[in-house]
Amino acid sequence: MPPEDTAAPRSLDPPPRRRSPVLHDDPLPLATTAAAATVAATSSGEAVLLAVLLGLAAAELGSAVVAATAVVAFALRWGSTSLDAIAGAQAVLGPGGSVGPAGAVAATWCAAMALVVAAPAGWPAIAFGAAAALGVAGPAPGGPADIAVRVGATAAGAALALVAGLVLPRRPAQAVGIALAGAALLLAVAHP
């Protein structure tokens, strides 16, 4: 009697495809990413709207918590939930990452770093980077210099967030992001 073949039968189906961290099958994250990036890049609307859009774009609880906390820290730092007012204050006083009391500047940088570190992989990272740029260097466009600062900061924030989203392990990155966003919130409350 010949030996029995004990190997599992082979399937004729192709192997399952890995889901790309950059492209999603679901259109909601892509749509909310585009909306969040637009709101952040143009400083239009309310901070609450930006936080909700970032949370929906991330589709991850940890990143959504970081987004909400960081955006609230930005609003507390400038004393307004209006993104137009935040950008206007930066146009008059200077970029948030370099102007004001040391505690307020530290709050701004902690919130921006939280958004970059906790950015999800793929397209949503661009919106997280744009939101970080809004807080650090988001003056309302008043001239070529303001536009150059804003475009440069947005490009740098988006690039850093894209790399962080692809390279950093999710859970530790979100934990660090939550810690940084919490520190930003405490600093913003202590140094408005």
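Since every read-out is calculated from the coordinates, none of them should be taken as a lab result. This is a predicted model, so every value here is computed, not measured. Quick reminder, even Gly has a Cβ in these numbers, built from the backbone with ideal geometry, and neighbours come from all protein chains shown.
List of remarks:
- Cα-based helix-to-principal-axis angle, 144-167 vs the chain, degrees rounded to 10: 30 degrees
- Of every Cα-Cα pair in the chain, the percent that sits beyond 28 Å: 26 percent
- Residues whose amide H lies under 5 Å from that of residue 46, counting only those 5 or more places away or on a different chain, are 83; hydrogens are built 1.01 Å from N in the peptide plane.
- For the peptides 134-147, 99-112, residues were scored by their other Cβ atoms within 10 Å and the scores averaged per peptide; the highest-first order is 99-112, 134-147.
- The label-point distance for residue 156 and residue 176, in a model that sets each label 7 Å from Cα toward Cβ, rounds to 1.9 nm.
- Over all directions, the projected convex hull of the C-alpha atoms in the range 150-192 averages 3.7 nm² in area.
- Counting Lys and Arg as +1 and Asp and Glu as -1 over every other residue whose Cβ lies under 14 Å from the Cβ of residue 177, the net charge comes to +1.
- Against the chain, whose longest principal axis comes from its Cα atoms, helix 124-137 is set at around 20 degrees.
- Ellipticity estimate at 222 nm from DSSP helix runs (n ≥ 4, -39,500 (n - 2.57)) divided over the chain, nearest 500: -23000 deg cm²/dmol
- R0 of 22 Å, Cβ-Cβ distance residue 42-residue 163: FRET efficiency to nearest 0.05: 0.35
- Here the simple spin-label model places points 7 Å from the Cα toward Cβ, and for residue 145 and residue 102 these points are separated by 2.7 nm.
- In terms of packing, defined here as the mean over residues of other Cβ atoms within 10 angstrom, the peptides 41-53, 118-130 line up highest first as 118-130, 41-53.
- With respect to the chain, whose longest principal axis is taken over its alpha-carbon atoms, helix 61-78 is tilted by about 10°.
- Placing dummy labels 7 Å off each Cα toward the beta-carbon, the span from residue 186 to residue 49 is 3.3 nm.
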